[in-house]
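The values are calculated or read from the model by the stated rules, or taken from the named source; none is laboratory data. Note that this is a predicted model, so its numbers are computed, not measured. FYI the Cβ positions are ideal-geometry reconstructions off the backbone, even for glycines, and counts take in every protein chain you see. The accessibility values were calculated without ligands, DNA or RNA, using every heavy atom of the protein model including side chains. Shrake-Rupley method; radii C 1.70, N 1.55, O 1.52, S 1.80 Å.
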Amino acid sequence: MSVLVFVEGFNGEIKKSSLEAATYGYQVAQQLGTSATAVAIGEVHEEALAKLGEQGISKVLYDADSRLNNFVADAYVKVIAKAAQQENAKVLVFSNSNIGAAVGAKLAVRLNGSLATNVTTLPKTDGGFIVTRSVFSGKAFAEVNLTSDVKIIAVKKNALEIANAGSGPATVEKFSADLTDADFAAAPKETIMQDTSGGVLLTEAEIVVSGGRGLKGPENWHLVEDLAKALGAATACSKPVADLDWRPHHEHVGQTGIAVSPNLYIAIGISGAIQHLAGVNSSKVIVVINKDPEAPFFKAADYGIVGDAFDVVPKLIEAARGLDK
Ligand code: FAD
């Protein structure tokens, strides 16, 4: 019996959220007295895979089939299911990314397993396999007991620190699931990567600078962009800003947009409506700049600046440009 972690790559490197999943998988394996193996698919550097040893992963099964460079749900599920079978994995761990959530649900059906998404804790294993899930957009927590033989866990981004288990490099083994054309029956024709004007992918960004309707119009977006550039951050916006065409829709964060989980989220001229908070409340530190001291966002903020964005942000840009990065 073992633990299997599905890791996702981006630009050849392992995504931060997958390093969190690997950490989680290793810690569950320790609890259960077994080892943690990873499965990786598509374009990932083998050195990056071997480095998963730092998170306690002993072995990585790597399917480098180029047809898998773009996400194809059925094919990914087949690869992971075969890896799970080969490794006799009873606990499967993913990041709660779009891909992780999609393959997790399909795998639960295929392996007759139970699935818990948005998991924030390691399991309690005395008398069951009980994990805590973040529910209702982070407003509440639910404890669930996974009772089936195969347990599938999608770990909420930023829920745990990436650990360094101090182990040597993982061994990387080539792996193939003998995919056929039928596995690619529903495959994307083209994938268009949408990076933000900050040049950093929003879902992977460590820092996000986000603007709302308080910025008055697209002509003032240089404030968001300049601050993002000075901090090496991605840019984002509230929904009305995208609806007004001030910014493209792929920058809109929130319940109906993208969920982000950076270490630092800076909100400029955003009121902090519950639908906006739903997409940003996994951020480690939230800084709010708003001229209204009663703006709801201040209740969710770690740091708040009550002031006019047009006065405050240029000073922040100047200070950020002076930072020794
Ligand atoms: P506003 O609410 O207009 O707030 C502007 C803020 O800027 C105010 O707090 C104001 O005090 C401040 N301000 C004004 N001038 C300045 C200045 N000079 N300096 C500093 N501060 C200033 N919204 C999302 O963002 N994401 C979603 O995913 C989302 N999904 C939704 C889904 C549904 C079903 C519904 C009903 C709504 C959804 N919304 C979503 C909309 C959400 O309810 C809010 O209307 C929206 O988030 C408000 O955007 P805003 O804060 O930019 O604008």
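Quick look at the numbers
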read-out: Percent carbon-and-sulfur accessible area, the chain, ignoring ligands, DNA and RNA, probe 1.4 Å; value: 51
read-out: Per residue accessible area of the range 102-256, 1.4 Å probe, in Å²; value: 51
read-out: Computed over the range 2-184, the ratio Rg/Rh where both radii use C-alpha atoms and Rh is Kirkwood; value: 0.94
read-out: Extension gain (nm, one decimal) between Val109 and Ala73, 0.36 nm per residue minus Cα-Cα; value: 11.6 nm
read-out: Pairs from Lys15/Lys157; Lys124/Lys284; Lys139/Lys239; Lys78/Lys174 whose Cα-Cα separation, in the structure shown, is over 22 Å; value: Lys124/Lys284
read-out: All-pairs Cα distance distribution in the chain, expressed in whole percent, bin size 20 Å; value: 31, 53, 16, 0
read-out: Gained length - Gln275 relative to Lys139, 0.36 nm times residue gap less alpha-carbon distance; value: 47.8 nm
read-out: Cα-projected label distance for Asn164 with Lys124, points at 7 Å along beta-carbon direction, nm; value: 3.3
read-out: Scattering profile of the range 41-138 at q = 0.12, 0.19, 0.20, 0.23 Å⁻¹ [log10 I(q)/I(0), Debye over alpha-carbon scatterers]; value: -0.46, -1.14, -1.24, -1.44
read-out: Relative contact order (%) - criterion: Cα under 8 Å, at least six apart; region: the chain; value: 14
read-out: Computed lengthening from Ala102 to Ala182, 0.36 nm per intervening residue step minus Cα-Cα distance; value: 26.9 nm
read-out: Candidate aspartates and glutamates - alpha carbon under 14 Å from Lys106, same-chain residues fewer than 8 apart omitted; value: Asp74, Asp183
read-out: For the range 197-321: rounded, prolate or oblate by the Cα gyration tensor [a/c cutoff 1.5]; value: rounded
read-out: Highest-fluctuation residue, Asp292, Asp243, Asp181 considered, GNM on the chain with Cα pairs under 10 Å; value: Asp181
read-out: Set of lysines near Lys291 by C-alpha distance (under 19 Å), chain-local residues within fewer than 8 positions excluded; value: Lys216, Lys299, Lys315
